1. What net charge do the residues around Gly231 carry, taking every other residue with its C-beta under 12 Å from that of Gly231, with Lys and Arg at +1 and Asp and Glu at -1?
2. Using modelled amide H (1.01 Å from N, peptide plane; none on Pro or chain starts), what sits under 5 Å from the amide H of Val314, excluding residues fewer than 5 places away?
3. Rolling a 1.4 angstrom probe over the protein heavy atoms, how many square angstrom per residue are accessible across the stretch 117-269?
4. Which of rounded, prolate, oblate describes the stretch 263-319, given a ≥ b ≥ c as roots of the alpha-carbon gyration tensor eigenvalues and a/c under 1.5 marking rounded, otherwise prolate only if a/b is larger than b/c?
5. Let me check something: with ligands and nucleic acids excluded, how do Ser289, Ser178 order by accessible area (1.4 Å probe), largest to smallest?
6. Taking the Cα-to-Cβ direction at Arg107 and at Leu325 and moving 7 Å from each Cα, how far apart do the two end points lie in nm?
7. Stretch Glu153-Ala96 to full length: gain in nm at 0.36 nm per residue minus the Cα-Cα span?
8. Which value in nm describes the separation of the simple spin-label points at Ile225 and Thr139, placed 7 Å from the Cα toward the beta carbon?
Amino acid sequence: MAEDARRGALPASGPSVRAGAPTGGRVWSATARLAGLGLTARRWTALAVASALLLAGGLTVAWSGPDEPDAGDQVAIGWHTSEPPNRPTLRGLAPATVRIGAAVSARLLDDVPYRATLASDFTAVTPENAMKWEVLQPTPGSYDWTDADRIVELAQANGQAVYGHTLVWHSSVPSWVSESWSRERLRSLLRQHVITVASRYRGKVWAWDVVNEVLAEDGSLRDTIWLRRLGPGYIADAFRWAREADPDARLFINDYDTEGRTRKADALWRLVRDLRTAGVPVQGVGFQSHLRSGRQPRDVTGNLRRFAALGVAVAITELDVRIPLPVSQEELVNQALLYQHMLAACLAVSTCESFTVWGFTDASSWIPHRYRGYGAACLFDADMRPKQAHGALVAELQERAPGAPR
Ligand code: XIL
């Protein structure tokens, strides 16, 4: 794994199986294309898909082929067992060039269904919080690597790549770090932090979010402790320090509200262009993609392509699709279409190297805490049953799998 991670190679497919294709596959790919026609078509499509789901008995319970399980088996998949689930998995269908990742929470690693689904469906993990500064160093002087190491070790045992998140951010700065310290002291502290963390995981992570959320909504540099005290050069410095500490990890800049064509995305594009022109080792752009069901960002594929044309890798790094509560069947369908749309955009761009969801079960997503009145944002429900969104990703991957009819 260390070798693989160093080369940025994809881990081999693990404990997952290819099962019979869900009969809903064609429906999903056709409707996804229709969804591109706009709101009216999307609404019509949602209804059509909902009906198709009812006819098919629900996408997650619609199977074909010799191993067709009964509804009772469907309920039990992926639970209390490390056996591969008897359903198609994202991991089993993942193309060789794209990591399918999930953010993981260290405190849930002992939960058996959580572990089983993490292993069965994903080829990569991102620590949701465990590599953030205030978690790693709550008090000055020493680091606590417990949670981050556990995630890395489990990923290695599962043959999964690790996406490091995040070295420099305005949030999650330990409370003992004081803005009143001198510029020199703060700069050397930040440098020390970047180098310490990136060195520890050298050869164990394939990529790092070196800087996270450095832009404001209007496209200016975000007003943070780092910008105020160190000036805009902190961004280039962070990349150079990370490169020094881990020459082989792919170095990303990561942000939100940049996945579609927005003013902020334009500003990010210019920033990446300028950094690369200046020789700063920015090698990838991460698009967080915290989305709302029914609100498709504008021209995601075109946006990813213009970044790719700068010579960088691109990645969907934190996808979730929140639904206004109470959850309705229509919004679950809208959610599935949006998940599928984002995956299709990534698969359409040859340098899209990973597609990561921010949590995979509604039991533990950050969304209800962050967005009051919203929830159900993930691929699996709170009982770890795959939702329509999971089925839509399966269908998208199956459509593109070698040998699949076009
Ligand atoms: C979030 C986590 O999901 C929460 O558990 C935590 O309380 C706050 O941070 N953008 C990012 C992530 O880059 O690190 C954030 O994660 C979500 C927004």
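The values are calculated or read from the model by the stated rules, or taken from the named source; none is laboratory data. Keep in mind that what you see is a predicted model, and the values were worked out from it rather than measured. For neighbour counting, all protein chains shown are included, and Cβ atoms are generated from backbone atoms with ideal geometry for every residue, glycine included. Surface accessibility is based on the protein's heavy atoms, side chains included, excluding ligands, DNA and RNA. Shrake-Rupley method; radii C 1.70, N 1.55, O 1.52, S 1.80 Å.
1. Details: positive: Arg183, Arg187, Arg228, Arg229; negative: Asp237.
Combined, the nearby Lys, Arg, Asp and Glu give +3.
2. Val285, Cys352, Glu353
3. 36
4. Working: a/c = 2.33, a/b = 2.02, b/c = 1.15.
Since a/c reaches 1.5 and a/b is larger than b/c, the shape of the stretch 263-319 is classed as prolate.
5. Values: Ser289 0, Ser178 35 Å².
The ranking, largest first, comes out as Ser178, Ser289.
6. Those two pseudo-labels are separated by 1.8 nm.
7. Details: separation 57, 0.36 × 57 = 20.52 nm, distance 2.25 nm.
Stretched out fully, the Glu153 to Ala96 stretch lengthens by 18.3 nm.
8. Label-label distance for Ile225 and Thr139, simple model: 1.8 nm.
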